[in-house]
Amino acid sequence: TANAAIVASTPTGWTANHKLLGQTYAYFKLTYDTDVYGSAPVITATIRGKDDIYDPRTTLSGFTDNHALITRDYIGNEYGFRSSNVFEQSFIDGANICDELVSSGVGITENRYTVNGTISIINEPDQALSNLLQAGSAAIQYVQGVFVYIAGEYSAPSNPSVNSVNVWLSNNRFA
């Protein structure tokens, strides 16, 4: 059912049909004396994200801030692409890369890529996915109807002939 307090105190347009199912929300109704207080109080909250993100490495679901796992969840979710067609191994490999500890200061380490933000359901799914991927320097390839996760990790060139071509181009001023 809809939150009765919100329905009762909200201007017209908000009805018992507005149940906020699957949405995080906070409702505050404040009464204060303007002679005593100069303005409304500042309200802050710490919000933790979804607690049902599936991790194919452990086959468990729960809260995580792992970039690859959140991307996988977004692709499968009703506000995302509603697709279960993912190349699982790419998300497993990506999740492991995201969990690698990297230095973030003197003696401080943290996971390589985490997601700590929100996705607006107002955005089109591809725009939200693009923003999400930028947060982890990652990419998605859609290959033969399957989503493939590409982690944002440096890989050294393995083809020595590429360097030879670059040297030839610079020496001949084509670069």
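The values are calculated or read from the model by the stated rules, or taken from the named source; none is laboratory data. Quick caveat: nothing in here was measured; it's all calculated off a predicted structure. Please note: Cβ atoms are built from the backbone with ideal geometry, for glycine as well, and neighbour counts cover all protein chains shown. Just so you know, the surface numbers come from the protein's heavy atoms only, side chains and all, with ligands and any DNA or RNA stripped out. Shrake-Rupley method; radii C 1.70, N 1.55, O 1.52, S 1.80 Å.
Looking at the stretch 108-119, which of its residues are assigned to a strand (DSSP E or B), among the β-branched types (V, I, T) and surrounded by 15 or more Cβ atoms within 10 Å (Cβ to Cβ)? It would help to see each step written out before you state the result.
First pass over the stretch 108-119, keeping only residues assigned to a strand (DSSP E or B): 108-111, 114.
Imposing the further condition that a residue be among the β-branched types (V, I, T) reduces the set to 108-109, 114.
Once the filter is applied, which keeps residues that are assigned to a strand (DSSP E or B), among the β-branched types (V, I, T) and surrounded by 15 or more Cβ atoms within 10 Å (Cβ to Cβ), the stretch 108-119 yields only T114.
Inspect all residues belonging to the stretch 4-13 and state whether any of them is surrounded by 11 or more Cβ atoms within 10 Å (Cβ to Cβ), more than 19 Å from the chain's Cα centre (by Cα) and in contact (Cβ under 8 Å) with a residue 12 or more places away in the chain. Give the steps one after another, and end with the answer.
If we filter the stretch 4-13 for residues that are surrounded by 11 or more Cβ atoms within 10 Å (Cβ to Cβ), which is where we start, we get 6-7, 9-10.
Now narrow it down to the ones that are more than 19 Å from the chain's Cα centre (by Cα): 6-7, 9-10.
From what's left, in contact (Cβ under 8 Å) with a residue 12 or more places away in the chain: 6, 9.
Scanning the stretch 4-13 turns up at least one residue that is surrounded by 11 or more Cβ atoms within 10 Å (Cβ to Cβ), more than 19 Å from the chain's Cα centre (by Cα) and in contact (Cβ under 8 Å) with a residue 12 or more places away in the chain.
Counting only helices (runs of 4 or more DSSP H) that sit completely within the stretch 1-107, those holding 2 or more residues that are over 18 Å from I150 (Cβ atoms) correspond to 4-9.
Of all residues in the stretch 44-96, count the ones that are among the hydroxyl-bearing types (S, T, Y) and within 23 Å of D126 (Cα to Cα). Break it down stepwise before answering.
Of the stretch 44-96, the ones among the hydroxyl-bearing types (S, T, Y) are 44, 46, 54, 58-59, 61, 64, 71, 74, 79, 83-84, 90.
Checking the rest, the ones that are also within 23 Å of D126 (Cα to Cα) come to 54, 64, 71, 74, 79, 83-84, 90.
Of the residues in that region, 8 qualify.
Candidates are the residues of the stretch 148-162 that are within 11 Å of A138 (Cβ to Cβ) and assigned to a loop (DSSP other than H, G, I, E, B); the one that is modelled with the highest pLDDT is A151. All conditions in (1) closer than 30 Å to Y113 by Cα; (2) surrounded by 11 or more Cβ atoms within 10 Å (Cβ to Cβ); (3) without any contact (Cβ under 8 Å) to a residue 12 or more places away in the chain; (4) more than 17 Å from the chain's Cα centre (by Cα) hold for S61, with the sole exception of (4). In this entry, I97 is excluded by the filter for residues that are open to solvent by 60 Å² or more (accessible area, probe 1.4 Å), β-branched (V, I, T) and at pLDDT 90 or above. Taking each residue of the stretch 133-144 that is of a type outside the set (A, V, I, L, M) and looking for partners that are buried (at least 16 other Cβ atoms within 10 Å of the Cβ) and modelled with pLDDT of 90 or more with beta-carbon atoms closer than 6 Å, six or more apart or interchain, yields G136/H67; G136/Y113; G136/G152; S137/G152; Q141/V148. Selection of the stretch 121-146 for residues being more than 19 Å from T64 (Cα to Cα) and outside any strand (DSSP E or B) yields I121, I122, N123, E124, P125, D126, Q127, S130, Q144, G145.
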